[in-house]
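J.: The structure that follows is given in the form of structure tokens.
The values are calculated or read from the model by the stated rules, or taken from the named source; none is laboratory data. Bear in mind the structure is a predicted one, so any value in this text is a computation, not a measurement. Cβ sites come from the backbone with ideal geometry, for glycine too, and all protein chains shown count toward neighbours. Areas reflect the complete protein model, heavy atoms only, side chains present, ligands, DNA and RNA absent. Shrake-Rupley method; radii C 1.70, N 1.55, O 1.52, S 1.80 Å.
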Amino acid sequence: DGGITQSPKYLFRKEGQNVTLSCEQNLNHDAMYWYRQDPGQGLRLIYYSQIVNDFQKGDIAEGYSVSREKKESFPLTVTSAQKNPTAFYLCASSIRAGTDTGELFFGEGSRLTVL
Amino acid sequence: EDKVVQSPLSLVVHEGDTVTLNCSYEVTNFRSLLWYKQEKKAPTFLFMLTSSGIEKKSGRLSSILDKKELFSILNITATQTGDSAIYLCAVSGANSKLTFGKGITLSVRP
């Protein structure tokens, strides 16, 4: 079955620690995205990648970093510079890169809690 | 900056009621508007709208886009408890990324 796999589903970390969230897709999609969801805030774009070895900052990229070394994988690192890291993180992919995003396919999400 | 505003932010209805969810937007070089349903974790795709006045329908759900007035509505008829969810509206513009609204939390009571 094709889809997007995020791990871990739940993660607890102490303040000041970096943490990496995994996102893998087997849909052969070109574009991948990371969103953050807070209660009452909807989805806000952190980073996106339209092609391997290339990525762009979204609306709230500060305190986060990504890599896109393989088409299937787009890990997100939440660094200690992110002031409010506790949130629900969603990874998504879409068939097309370029100017018409089209439908997004989402993973099940990773809930990060910083203690 | 692209902007999407959904209303109301939350509503509670009883089974069998009809609901209308609203989405207005401001976006540079509009390309499409999408509706998603989020029950627990992963949002699932409902509709993609690109042309004004053409209704898209799937069972009890339907949606339409007005590109002149810059809004879309999502209608749900004969609501069921399984329709309880967050409904997300997003628009795609010139910068090849989706901008989401804050979502509408719908609760359907038995």
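J.: Which value, in Å² rounded to 10, gives the accessible area of residue A:69 with a 1.4 Å probe and all protein chains present?
T.: Result for residue A:69: roughly 140 Å² accessible.
J.: Which whole-number percentage describes the relative contact order of chain B, with Cα contacts under 8 Å and a sequence gap of 6 or more?
T.: 38
J.: Please calculate the 1.4 Å probe accessible area of residue A:110, with all protein chains present, and give it to the nearest 10 Å².
T.: Per-residue accessible area (residue A:110): approximately 0 Å².
J.: May I ask you to list the trypsin sites (Lys or Arg not before Pro) in segment B:38-110 that are in a DSSP loop and have at most 11 other Cβ atoms within 10 Å of their Cβ?
T.: Of the trypsin sites (Lys or Arg not before Pro), the ones in loops of segment B:38-110 whose Cβ has at most 11 other Cβ atoms within 10 Å are B:40, B:68.
J.: Compute a Gaussian network model of chain B, connecting alpha carbons closer than 10 Å, and tell me which residue from B:58, B:24, B:32 fluctuates the most.
T.: Largest GNM mean-square fluctuation: B:58.
J.: Principal axes first, then extents: for the Cα atoms of chain B, list largest minus smallest coordinate on each axis, whole Å, largest first.
T.: 43, 28, 20
J.: How high is the relative contact order of chain A? Use alpha-carbon pairs under 8 Å, at least six apart in sequence, and give a whole percent.
T.: Relative contact order of chain A: 35 percent.
J.: For segment B:51-110, compute Rg over Rh where Rg is the Cα radius of gyration and Rh is the Kirkwood radius from the inverse mean 1/r over Cα pairs.
T.: Taking Rg over the Kirkwood Rh, I get 1.02.
J.: Note down the magnitude of the dipole of the protein assembly as shown about its Cα centre, charges +1 on Lys and Arg C-beta and -1 on Asp and Glu C-beta and zero elsewhere, to the nearest 20 debye. Numbers along the way, then the final one.
T.: On the way: 25 positive and 23 negative charges, 59 e Å.
The dipole magnitude comes to about 280 debye.
J.: How big a patch of accessible area, both sides summed and in Å² to the nearest 100, lies buried between B and A at a 1.4 Å probe?
T.: Accessible area lost upon association: around 1900 Å².
J.: OK, next. Going down the list A:9/B:37; A:70/B:68; B:67/B:102; A:9/B:102; A:9/B:56, which pairs span over 31 Å between their C-alpha atoms?
T.: Details: A:9/B:37 20 Å; A:70/B:68 41 Å; B:67/B:102 20 Å; A:9/B:102 23 Å; A:9/B:56 34 Å.
From A:9/B:37; A:70/B:68; B:67/B:102; A:9/B:102; A:9/B:56, over 31 Å: A:70/B:68; A:9/B:56.
J.: Select from segment A:1-95 those trypsin sites (Lys or Arg not before Pro) which occupy a DSSP coil region and have at most 14 other Cβ atoms within 10 Å, ordered by residue number.
T.: A:9, A:14, A:83
J.: Taking a temperature of 4 °C and a viscosity of 1.567 mPa s, what whole-number D in µm²/s does Stokes-Einstein yield for the protein assembly as shown with Rh from Kirkwood over alpha carbon pairs?
T.: After rounding, the answer is 72 µm²/s.
J.: Would you calculate the convex hull of the Cα atoms in segment A:1-40 and tell me its volume per residue in Å³?
T.: Spelled out: Cα convex hull of segment A:1-40, divided by residues, is 119 Å³.
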